[in-house]
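Contents: one structure, followed by commentary.
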Amino acid sequence: MTKLPFIFPVLLLLTTLLHPTFAEIKNLKITSDSRPMILFERFGFTHTGQTTISVSSVSVISSLSSPEPSRLGFFLLSEESLIQVLLELQQNPSFCVLDSKYIILLFTFQDLSPPPHSSFNHTYPITSPNEYSLFFANCAPESTVSMDVHTELYNLDGRGRGRVRDFLSAGLTQLPTLYSFFSLLYFAFFAFWIYFCFKNKTSVHRIHALMGALVIIKALNLLSAAEDKHYVKVTGTPHGWDVLFYIFQFIRVVLLFTVIVLIGTGWSFLKPFLQEKEKKVLMIVIPLQVLANVASIVIGETGPFIKDWVTWNQLFLLVDIICCCAIIFPIVWSIKSLKETSKTDGKAAKNLAKLTLFRQFYIVVIGYLYFTRIVVFALRTIAAYKYQWVANAAEECASLVFYAVIFYMFRPVERNEYFVLDDEEEEAAEMALREEEFEL
């Protein structure tokens, strides 16, 4: 088994980067798979945690002699123990992970019923609360495995006969309440935005309608996420709410990037049209977001057990980074355009006010992207498994603050504070533009 030392560092990276799954009841089909290690999912267990695994239609084909059934099996592994297993493999490359004292061995193919059924079904209580990864190991050389796998990972809530299964990881069981709370905030936000737009309807532009659409879609996205997680928590399946979640998530992400790009170009409130280079940014960002959402669905609806799961993760991260970089360009172009215009049109104060506005917008967008991509990821990585929900709460808080700041900056008002000027301010602005370079 010389492949194991190479596959395990990858799995170490995977279990570090992998977001805790919602542990829906899963039915998986493995077909002619030769991988020495398959990671199924990761789950945070309490002291009442249980794992139910059922395998059926098992077949093992080897190009060598008949494989030893005890060399294939399922086990649980904590992140702390993973390092110890790596050390064992480094010391002995032919070592089989199923023999390690650091794993929680569930069963091997030695426990299967006789052919032709070749099946096994058992429930295992978790005696030591922790976050574990569920693995399948194949230590039989030159062999492929086919099987149907049914998994249920859950914690028991309540006492006695009234105990119910909670299929959300110990650190994510608060998500239905969290998402419901934020969805209510966004519905209230939308109602206030509609009221404010009607109150100042003479100053409303097309961009304000798009901003309103973004808020209501965000509210619906959170509502569907709350229902999705609630049904997964209670029943182990999303009951179709995952479809609505992905639909609203797709519309929300495309709308969000579109609104940021359009505001960055000054569309509808500074100019009624888009330049060719600005149209090209939209033509790049929107298809990339379609691709990113397809990757997100594949990641969310399958799991690390599929062979291309790492590739889909890499694709999602790459596309997200490209989109985050692309939406910055229109803001920079607008700032440069305003700087050049300020030297010739004689409206120094207004141009300085617009420059200030777009510079603040630039800083807010950069801050939002940094927080939701870097800080939230760091929180997910360093937080104890029981507090994984804190990263989700931080992300939603940052998003709400971002929406509130952007909507306030570009709200429809007849006499915007940035453009209420007198002669003294005009002269001061001219001095500022002449004496100082306006930098990002």
Condition check for LEU134: part of a strand (DSSP E or B), touching a residue at least 40 places away in the same chain (Cβ under 8 Å) and open to solvent by less than 70 Å² (accessible area, probe 1.4 Å): yes
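Table: residues versus (1) within 27 Å of the chain's Cα centre (by Cα); (2) part of a loop (DSSP other than H, G, I, E, B); (3) closer than 30 Å to ASN27 by Cα; (4) at pLDDT below 90.
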{"position": "THR202", "(1), (2), (3), (4)": "no, no, no, yes"}
{"position": "ALA225", "(1), (2), (3), (4)": "yes, no, yes, no"}
{"position": "PHE248", "(1), (2), (3), (4)": "yes, no, yes, no"}
{"position": "PHE269", "(1), (2), (3), (4)": "no, yes, no, yes"}
{"position": "PHE273", "(1), (2), (3), (4)": "no, yes, no, yes"}
{"position": "LYS279", "(1), (2), (3), (4)": "no, no, no, yes"}
Checklist (1) farther than 26 Å from PRO238 by Cα; (2) out of contact with any Pro (no Cβ under 9 Å at 6 or more places or on another chain); (3) buried (at least 17 other Cβ atoms within 10 Å of the Cβ); (4) of a type in the set (Val, Ile, Thr) applied to ILE126, failing item: (1)
Filter result (part of a strand (DSSP E or B) and either closer than 22 Å to HIS117 by Cβ or of a type in the set (Phe, Trp, Tyr) (or both)) within region 39-50: PHE40, PHE43
Region 37-67 - residue that is modelled with pLDDT under 90 and within 13 Å of PRO141 (Cβ to Cβ) and, of those, surrounded by the most Cβ atoms within 10 Å (Cβ to Cβ): PRO67
Members of region 151-191 that are among the β-branched types (Val, Ile, Thr), within 27 Å of LEU379 (Cα to Cα) and open to solvent by 60 Å² or more (accessible area, probe 1.4 Å): THR177
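The values are calculated or read from the model by the stated rules, or taken from the named source; none is laboratory data. Predicted model, so just to flag it, every value in this text is computed and none were measured. Cβ coordinates were reconstructed from backbone atoms using ideal geometry, including for glycine residues, and neighbour counts include every protein chain displayed. Accessible surface areas use protein heavy atoms only, side chains included; no ligands, DNA or RNA. Shrake-Rupley method; radii C 1.70, N 1.55, O 1.52, S 1.80 Å.
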